[in-house]
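Note sheet for the following structure.
The values are calculated or read from the model by the stated rules, or taken from the named source; none is laboratory data. Since the structure is predicted, the reported quantities are computational estimates derived from the model, not experimental observations. Cβ coordinates were reconstructed from backbone atoms using ideal geometry, including for glycine residues, and neighbour counts include every protein chain displayed.
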Amino acid sequence: MSLRFNSTYSKNVVSQSDVDAMAPKAVEAMHTLMSKTGEGNDFLGWIDLPTNYDKEEFARIKKSAEYIKKNADVLVVIGIGGSYLGARAVIEAVKSSNYNLLVKDTPQILFIGNSISPAKLNETVKLCEGKDICVNVISKSGTTTEPAIAFRVFRDLVNSKYSQDEARKRIFCTTDAHKGTLKELADTEGYETFVVPDDVGGRFSVLTAVGLLPIAVSGVDIDELMAGAAKAQNELCSEDINENDCLNYAAVRNCFYNKGLKLENFISFEPDMAMFNEWIKQLFGESEGKDGKGLFPTSCIFSTDLHSLGQYIQESGAGLMFETVIKFNECDDDYVIGEQEGNLDGLNFLSGEKMSLVNDKARQGTLLAHTEGGVGNLILEVEKKDAANIGYLIYFLEKACAISGYILGVNPFNQPGVESYKKNMFALLGKPGYESEKENLEKQLGLC
Ligand code: PA5
């Protein structure tokens, strides 16, 4: 197995009898998921995706990635939520959060359309000045405001910089197979298109063209990524909680929830996992947080955040949160601490030691301190931070999230709450069709 779940350090809060009592519910939830009989069962395409994907499209993704690598200094990826988080998470986890600064033979990758900040949009345009660019716009609905604004800008930029024929070759659209504004535009203009499958929701779409095209451009091996996910698909099938770590993890985190702990803090001791944490937060937050239920997913990078949030977690975290630590057994690139003449900093007791050992001792020290402080720790132990293991981890978390949602009694595959802010924003902007609400909302804001 590429991943091991260890719940030993949660026993101060969740006992074995709590888990045993939760087990039948967890098994039932997994059964509902795998028999495709639960709510949201029209969004289960991700379950078989690692082995049952469009091979022709997969080959086109690789071909397009090669084209982009050959012809662009910068790939601009436009998308929000599930349409960008997965790609960025994998690129930063496997390559680096400093990917764009590395000396490499692959293009820079800039993500935009994930906010409505004009400053960020202008900055990204400036970063593309004098560079050859390609654009990958990703939107399942094809109508989301944030990416739509950014795509207007970058489409104009590409059209003004290149001939019509050349511009057409530099824009790649990932969207619905048949419908939507973006699909219509792509067909009219003759852009290369990739599909967000009907039965795969945004936050479960990283292993479709949504994630795979930008990931392939970065040089991460997408065959390995899919192979890792396929291994997880194959291994995480048992309905015995003692044989299936994914099922076990889903059960234990729901035990915490039932004890009134409403916050799950996802931890990594590797800074390159910060965006992966963001992907996790969307996956769990959007899947579970509904009907007044759900764990609130948050995240920290340690030891960095031990110097900011560590105080709170240690002394006020008990009764509020538990932690899920993603631990990598192998370090990508180690550093051996040297000897310093005079030992002025008092660190010579570490000379000759690998920095990964110091990081691991910090992890162990934190584990004991937080457990002692009443904050239970769950550990997801992964071999290394490479494409295959990250693929495995993605599938593990997706499945654990889906099972958890069914244990909780929610539909893990919808996101009705996302619409509320959009409705208000459109009304306040005076979008046709939303006029009736405008005055009422402006009154509430004290604007009239
Ligand atoms: O998980 C989801 O479904 C959402 O986060 C969407 O991915 C996000 O809202 C973007 O939607 P779209 O791809 O339709 O532009």
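Residues in the range 48-59: is at least one surrounded by 20 or more Cβ atoms within 10 Å (Cβ to Cβ) and either without any contact (Cβ under 8 Å) to a residue 60 or more places away in the chain or in a helix (DSSP H, G or I) (or both)? Checked the range 48-59: no residue is surrounded by 20 or more Cβ atoms within 10 Å (Cβ to Cβ) and either without any contact (Cβ under 8 Å) to a residue 60 or more places away in the chain or in a helix (DSSP H, G or I) (or both).
Restricting the range 269-288 to residues that are surrounded by 18 or more Cβ atoms within 10 Å (Cβ to Cβ) and over 14 Å from the mean Cα position of the chain (by Cα) leaves a set whose member that is nearest to the ligand (Cβ to nearest atom) is E288.
Of the helices (runs of 4 or more DSSP H) entirely within the range 170-286, those holding at least 1 residues that are out of contact with any Gly (no Cβ under 7 Å at 6 or more places or on another chain), touching a residue at least 60 places away in the same chain (Cβ under 8 Å) and closer than 26 Å to I68 by Cα occupy 209-217, 222-235.
R152 passes every criterion in (1) charged (D, E, K, R); (2) in contact (Cβ under 8 Å) with a residue 24 or more places away in the chain; (3) within 16 Å of the ligand (Cβ to nearest atom) apart from (2). Please tell me if E398 is under 22 Å from the mean Cα position of the chain (by Cα), at pLDDT 95 or above, under 21 Å from R203 (Cβ atoms) and among the acidic types (D, E). Yes; evaluated as a whole, the condition is true for this residue. Which numbered condition in (1) β-branched (V, I, T); (2) touching a strand residue (DSSP E or B) at 6+ places or on another chain (Cβ under 9 Å); (3) crowded, with 22+ Cβ neighbours inside 10 Å is the only one that I394 fails? Single failed check for I394: (2).
Does the range 294-313 hold any residues that are of a type outside the set (S, T, N, Q), surrounded by fewer than 19 Cβ atoms within 10 Å (Cβ to Cβ) and not in a strand (DSSP E or B), and which are they? Residues satisfying the conditions are D305, H307, L309, G310, Y312. Pairs meeting the criteria (first residue in the range 348-367 and loosely packed, with under 12 Cβ neighbours inside 10 Å, second residue not small (G, A, S), beta carbons under 9 Å, at least 6 apart or on different chains) are F349/N343; G352/V336; G352/I337; G352/E339. In the condition set (1) over 23 Å from A362 (Cα atoms); (2) buried (at least 18 other Cβ atoms within 10 Å of the Cβ), D291 is compliant with all but (2).
One residue stands out among those in the range 199-221 that are surrounded by fewer than 21 Cβ atoms within 10 Å (Cβ to Cβ) and away from the ligand (no atom under 16 Å from the Cβ): the one that is nearest to R88 (Cα to Cα), which is G219. Selection within the range 393-444: residues that are in a loop (DSSP other than H, G, I, E, B) and either closer than 30 Å to I241 by Cβ or in contact (Cβ under 8 Å) with a residue 12 or more places away in the chain (or both). The member of this set that is nearest to the ligand (Cβ to nearest atom) is Q415. Which of the residues that make up the range 182-198 are of a type in the set (D, E, K, R) and either within 14 Å of the ligand (Cβ to nearest atom) or buried (at least 24 other Cβ atoms within 10 Å of the Cβ) (or both)? K183, D198, listed by residue number. Residues of the range 159-181 that are away from the ligand (no atom under 16 Å from the Cβ) and buried (at least 21 other Cβ atoms within 10 Å of the Cβ): R170, I171. Filter the range 113-140 down to the residues that are touching a residue at least 40 places away in the same chain (Cβ under 8 Å) and among the hydroxyl-bearing types (S, T, Y), then identify the one that is nearest to the ligand (Cβ to nearest atom). The extreme case among them is S139.
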